[in-house]
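**Student:** Following this message is one structure expressed as structure tokens.
Since every read-out is calculated from the coordinates, none of them should be taken as a lab result. Being a predicted model, the structure only gives us computed values, none of them experimental. Note: ideal-geometry Cβ built from the backbone for every residue, glycine included; neighbour counts use all protein chains shown.
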Amino acid sequence: MATDVQYVPPPLQDIPTAKEKKYDRQLRLWGASGQIALEETHILLINNGPGVTGVETLKNLVLPGVGQFTILDSTVVSEADLGVNFFLEDASLGKFRAAETVRLLMELNPGVQGYAVTEPLETFIAQDNVFAPYNLILVTAPIDPTVLAQIQTHAQTLQIPTFYIHCVGYYSAFSVLLPPAFPIVDTHPDQTATTDLRLLKPWPALVQFAKEKTAGLEEGKLNAQEKAHVPWVCLLLHYLEQWKEEHDGKLPESYPEKTEFRKLVRSGDPHEENFDEACAAVLKSLNPPTPDSSVREIFNAPETQNLDATSPPFWVIANAIHQFYTTHKQLPLPGAVPDMKAQSADYIKLQNIYKTKAREDCAEVLENVRKLEKNTSRSPKLAIDNKEVENFCKGAAHIHLVRGRPFQVVQAGQPVRFGDRAKAMAMELTMPESLIGLHIAFLAWDEYIATHSSPASEAGGQALKVPGSGVDDFESDTEKVTGIAHTILDGLIKEAGTFVEDPEYSDVKAKVGEFCLEIVRAGGGELHNIASLTGGLVAQEVIKAITRQYVPVDNTCLFDGVASRTGVLRI
Amino acid sequence: MLKIWSMKQQQQKSDAASGQTKKKKVTAAQLRVQKDLSELALPGTMKTVFPNPDDILNFTLTLTPDEGLYKGGVFNFTFAITQNFPHEPPKVKCKEKIYHPNIDLEGNVCLNILREDWKPVLNLNAVIVGLQFLFLEPNASDPLNKDAANDLMTDRDRFKRNVRSAMAGGAVKGETFDRVMK
Amino acid sequence: MAATMQPEAVAPTTNGHNSSGRARWKYMDTLLSRPGAYTDPDDFVPGAVPIGNVEQSHVLVIGAGGLGCEILKNLALSGFKKIDVIDMDTIDVSNLNRQFLFREKDVGKPKASVAAEFVMQRVPSCKITPYVGKIQDKDEDYYMQFNVVVCGLDSIEARRWINATLVGMVDENNPDSLKPLIDGGTEGFKGQSRVILPTMTSCIECQLDMHAPRAAVPLCTLATIPRQPQHCIEWAHIIKWEEERKDLVLDTDDPEHITWLYEKALSRAQEYNISGVTYSMTQGVVKNIIPAIASTNAIVAASSCNEAFKIVTSSATFLGNPGLNNYMLYTGDSGVYTYTFEHQKKDDCPVCGNLPKDMLLNPESTLGELVESLAERPESQLKKPNLRTEEKTLYYSAPASLEESTRPNLKRKLRELLADGEDFAVSDGAFDITFRYTVRYT
């Protein structure tokens, strides 16, 4: 019996861990590094009003495994809460909302720790260093603007990304306060974004390979199979040489020239797939390697230009890559090669040619980095990691910089200012798809609250009066909020130093009035659907801010649940 | 909800069916296959066989080339169409084990419109024309059967001989093929 | 840090259920009791009517996965009280990063019943009836009981089926037969939600081109010239498994099967000097895994439920008004972007392009007589028709083999072939569209 040969399944190897299994669908997006960043984060939610959007946001962060969260909320659960907040149950009635929502949110993920703070906001923020434990803050409206201004000051000092969120009736909005310089290397550019293959300025190894693969092409010496498997990169290099010979050494630049060049490529073969691929690549792969505006903005940023011993690595590497660009009029080669019709061995060879060149470029950038470290007397403890330089070189064409801007905080009795954005925002007024009118309506809503609430005194808290929240104040509050909004609108036009003529002006005013009416109609209430949708949007942006991946909203996003669309404004 | 109905009433009234039917409806995939079949233009060298005439999603196509290297052979292809047609292409396999550069020993067929180039606007006729073409012009540059492709490329005469012997049920390089002669 | 103090517990007004009033629905009721900027006074009477509509509407939710969990929660907290949910799947550990109604202990249990149970326990006013199974198990009688259908599916086939079913159910004389269909879908940071008013707006079949077919690599590339790690995995999956384990049905959830494919793919990759084959990639390619996160699901599900709420209450403009927008595309990987537009109805749509028409027939006449009469019908004049029902091929003029096998039917009486009320479809090579008829016996 002992000699019986039984089927033994092959040993299981590289099987994902339990955690990798649970998080599989998100790790495919932000990877292990994004997940680590998420798990190291502690989020503070300052929850006001009905407080649904804030809790829904946390739901979408607890599920993927944020490290810790704290809810600051001194409200006691009311019946109205039970009809709109999923993270409360009947037994929560009369208990602290913070404690109950924390308890039920924590059920979602045993790996996440949550805390509830039930002291009033005013006394909470009066403590020293109270925001220091947190990496990110969420604040929901309504909130006393002077308190919001204080939170903003702390957040700016500590450079903590902070979100200010509105959700009323069918509408919502959120603004993001990011640090004054928020650079992103890993932007996950669209799959269809073209990778730089440097076909206009090939290096000797690539030229040599293309020559080998296309030798005899013109003479008809390649057999059908060989011809059908010449990688299109080699085909284009081959025909570019031919084109240059016929055009005084010039490359095809203009659109008609490229169309002409495409005909030349096509003349090589009427239907083989690799020739199809080559023709399809003519328009997008033969562009001079000009970095796009966001890359140039980073090159010219004062942080890149004026390095010191403690400059964050991003700026040092940006400077080093700028030097590389100045020398070569090219960004470092990313090194990736798209899949193309080719024999396996040829494709692998081509891949290696690109990888080798990318490594050489990266080595040069790294050398620049080391020189910069030396010149700025950077401490060896702060030495920049090779890996970071490598990643930067790979994504150099798609790096992105957000210049965080403060929230537009209204002040009772003071006109609302748009500052250097006034002109741009005034232009938005006449764009049919813009949601600037909704932004103005929310500003008016904030201002109404700032001017209609009783001062903080009794009970350690402040009673904020929200428009439309009374039994019979719908019409009168609609009128008031609309009036404030129209004042803000006129102020914006004036600040921008522009005019909006009738009938456009009347249309803009009417549109703003409609937004105000809808907002007051809700009486400060949240609709669960809109809160849930907004919680999805905010959580997504929180993940971007934490992982420093993908491109964040800059800086205000609005949702119109009547028309079912979003809009983004830079305020 | 009433609003939708009043909008519906405002739309032009059609003489659409009244009352409810409890019977199952002809599915979208069936409708499309029926239409494709009605447009099929089969030459004398091809015919379809429906093992169950009520099931038009599964059938066999028989190809009997009257010219080219495979002249005189009878080749059967199974067509399996899912309810997701035409979003998904039909699944086509050769029932016989044959010696062909674009068909492997399991019957898998390398035809672009059956995979990477499938589009819902293509119809069954396009697939059938594609299969017919494979027997007239076997393509050595995109092989599924590498040995056959090499033979075709390097020595067309040997390839011809191999085709004939494989079709007769003989062996090529130690691999025995199904007899497919008429 | 945690609170140490609890306020005096307020006694609940009733024991759990709030029978006395609608205090729980204060926010929603306030909004529904006031006219809005976009409500039509003829259509929206603030107060009891829209509130009653929500309470009385019977909603069907198809799918209890990433979108479905959110949809059930959203509907329950939008005041809906009567919901059915259908899902055939069981809970997998990889669902837990977003399907928030499920816990570790629920792995292996059916999604529909666990989800229904959880939401009912949290929102006691809502009654949710789960069905664990396929949508195709149910007939028109079942679907007729609902007022709105909200879908959170990952299968195009299932979407097409429910769409065709709902289009087919529309009866000109019965307002209740028109069921708005709201459909959501996600992929990573992207998604869409759309509203279909069957027979009135563009339908899922009209919009089939909005779903990109799955990208595929030529078989010959897999077989002879692999270049990417994915090519090696697909080779193991499509070719090698067939060759070596033909008799074993591949179970993509069985780690042993995935490991087998992974090892085959890995050794092939080594042979061709291709790097990058991993277990995770193998699993991704073989199962066609689409990345999914909680936030995108929340956005798309809430947008879908918002449309359902607006349709039921008429409290604001909704997607799907004929001639207006019916489709919202969402992208969140670079900033936040939506594109909301009207997808046009297609006249030649096989599902909603030409609806079945009644055809009065004598059950004692033959199929041959029916075929002859088709050639004379003014709208069609079908000379070479193909006719079938869902079950039966009645008569096909082409191809020849089917003509031969269905020819005997021409002599048969219609009552032997067609039931009263049954649908049949007629195609002819000379026409682009397929005609559909419903049998009405005289």
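**Student:** For the protein assembly as shown, what does the alpha-carbon gyration tensor say about shape, rounded, prolate or oblate, given a ≥ b ≥ c as the root eigenvalues, a/c under 1.5 as rounded, and a/b over b/c as prolate?
**Tutor:** Cα axes put the protein assembly as shown in the oblate bin.
**Student:** Also, I was wondering about something else. I want to make sure I understand the PRE zone here: with the label point 7 angstrom from the Cα of B:Lys47 toward its beta carbon, which residues in region C:357-396 have backbone N atoms less than 17 Å away?
**Tutor:** Correct set: C:396.
**Student:** Across region A:419-523, how many lysine pairs separated by 8 or more positions, or lying on different chains, have Cα atoms within less than 15 Å?
**Tutor:** Close lysine pairs found across region A:419-523: 4.
**Student:** Give the order of A:Ser344, A:Ser454 when sorted by the count of other beta carbons within 10 angstrom, beginning with the fewest.
**Tutor:** A:Ser454, A:Ser344
**Student:** Which of the aspartates and glutamates could a cross-linker bridge to B:Lys71, judged by Cα under 14 Å and excluding same-chain residues fewer than eight apart?
**Tutor:** B:Glu137
**Student:** By counting other Cβ atoms within 10 Å of each Cβ, how are B:Phe85, C:Phe80, C:Phe431 ranked from fewest to most?
**Tutor:** C:Phe431, B:Phe85, C:Phe80
**Student:** Hey, another quick one. Below 13 angstrom from the Cβ of B:Leu42, what's the summed charge of the other residues (Lys, Arg +1; Asp, Glu -1)?
**Tutor:** For residues surrounding B:Leu42, the net value is -2.
**Student:** Between 0 and 90 degrees, rounded to the nearest ten: what's the tilt of helix B:28-38 against the longest Cα principal axis of chain B?
**Tutor:** 60
**Student:** Using Cβ counts within 10 Å as a stand-in for footprinting exposure, how do C:Ser373, C:Ser295, C:Ser57, C:Ser304 rank, fewest first?
**Tutor:** Ranked by crowding around the Cβ, least crowded first: C:Ser373, C:Ser57, C:Ser295, C:Ser304.
**Student:** What is region C:188-343 by shape, rounded, prolate or oblate, if you read a ≥ b ≥ c off the alpha carbon gyration tensor as root eigenvalues and call it rounded for a/c under 1.5, prolate for a/b larger than b/c, and oblate otherwise?
**Tutor:** The shape class here is prolate.
**Student:** Counting Lys and Arg as +1 and Asp and Glu as -1, what is the net charge of the other residues whose Cβ lies under 13 Å from the Cβ of C:Gln145?
**Tutor:** -2
**Student:** Starting from the Cα of A:Lys213, draw a straight line to each of the lysines and keep only those under 16 Å, dropping any in the same chain fewer than 8 residues away.
**Tutor:** A:Lys221, A:Lys227, A:Lys341, A:Lys349
**Student:** Right, another one. Among DSSP beta bridges lying fully in the protein assembly as shown, give the percent that are antiparallel, nearest 5.
**Tutor:** Approximately 60 percent, going by the DSSP bridge assignments.
**Student:** Given labels modelled 7 Å from the Cα in the Cβ direction, how far is it in nm from A:Asn300 to C:Glu55?
**Tutor:** Going from the A:Asn300 label point to the C:Glu55 one covers 6.4 nm.
**Student:** Treating only the Cβ of Lys, Arg, Asp and Glu as charged (+1, +1, -1, -1), what charge dipole size does region C:357-441 show about its Cα centre? Round to the nearest 20 debye.
**Tutor:** For region C:357-441, the charge dipole is close to 160 debye.
**Student:** Would you mind telling me the antiparallel percentage of the DSSP bridges in chain A, rounded to 5?
**Tutor:** Of the beta bridges lying entirely in chain A, close to 50 percent run antiparallel.
**Student:** Another question, if that's okay. Can you give me the long-range amide H partners of C:Gly185? Hydrogens built in the peptide plane at 1.01 Å from N, cutoff under 5 Å, separation of 5 or more residues or another chain.
**Tutor:** Here C:Gln192 satisfy the definition.
**Student:** Go ahead and estimate [θ] at 222 nm for chain C from helices alone: -39,500 (n - 2.57) per DSSP H run with n ≥ 4, summed, over the residue count, rounded to 500.
**Tutor:** Value at 222 nm, helices only: -9000 deg cm²/dmol.
**Student:** Grab the beta carbon distance between A:Leu158 and A:Glu119, set R0 = 25 Å, and tell me the FRET efficiency rounded to 0.05.
**Tutor:** Here the calculated transfer efficiency is 0.80.
**Student:** Further question: Rounded if a/c is under 1.5, else prolate if a/b beats b/c, else oblate: with a ≥ b ≥ c from the C-alpha gyration tensor eigenvalues square-rooted, which is chain A?
**Tutor:** prolate
**Student:** Let me ask something else. Taking Cα centroids, how far is region C:265-286 from region A:176-237 in Å?
**Tutor:** Distance between centres, Cα-based: 23 Å.
**Student:** When the dipole is taken about the Cα centre of region A:419-523, and only Lys, Arg (+1) and Asp, Glu (-1) are charged at their Cβ, what size is it in debye, to the nearest 20?
**Tutor:** With only Lys, Arg, Asp and Glu charged at Cβ, the dipole is about 260 debye.
**Student:** Leaving out same-chain residues fewer than 8 places away, which aspartates and glutamates sit with a Cα under 13 Å from that of C:Lys138?
**Tutor:** Candidates past the 8-residue exclusion: C:Asp84, C:Asp87.
**Student:** Which whole DSSP H helices in chain C pass both tests: a Cα extent of 27 Å or more along the axis and a mean Kyte-Doolittle value no lower than -0.5?
**Tutor:** Helices meeting the span and hydropathy rule in chain C are C:294-313.
**Student:** Another question about this same structure. Got a sec? Which residues in region C:206-230 would a label at C:Thr278 touch, if it sits 7 Å along Cα→Cβ and we count backbone N under 18 Å?
**Tutor:** The answer is C:228-230.
**Student:** Given a cut-off of 19 Å, name the pairs among A:Lys544/C:Lys190; A:Lys329/A:Lys394; A:Lys21/A:Lys394; C:Lys179/C:Lys310; B:Lys24/C:Lys82; C:Lys310/C:Lys346 whose C-alpha atoms lie farther apart than that in the structure shown.
**Tutor:** A:Lys21/A:Lys394; B:Lys24/C:Lys82; C:Lys310/C:Lys346
**Student:** Can I ask one more? Relative to a virtual label point 7 Å from the Cα of B:Asn112 in the Cα→beta-carbon direction, which members of region B:126-168 show backbone nitrogen distances below 19 Å?
**Tutor:** Of the residues in region B:126-168, B:126-145 have backbone N under 19 Å from the label point off B:Asn112.
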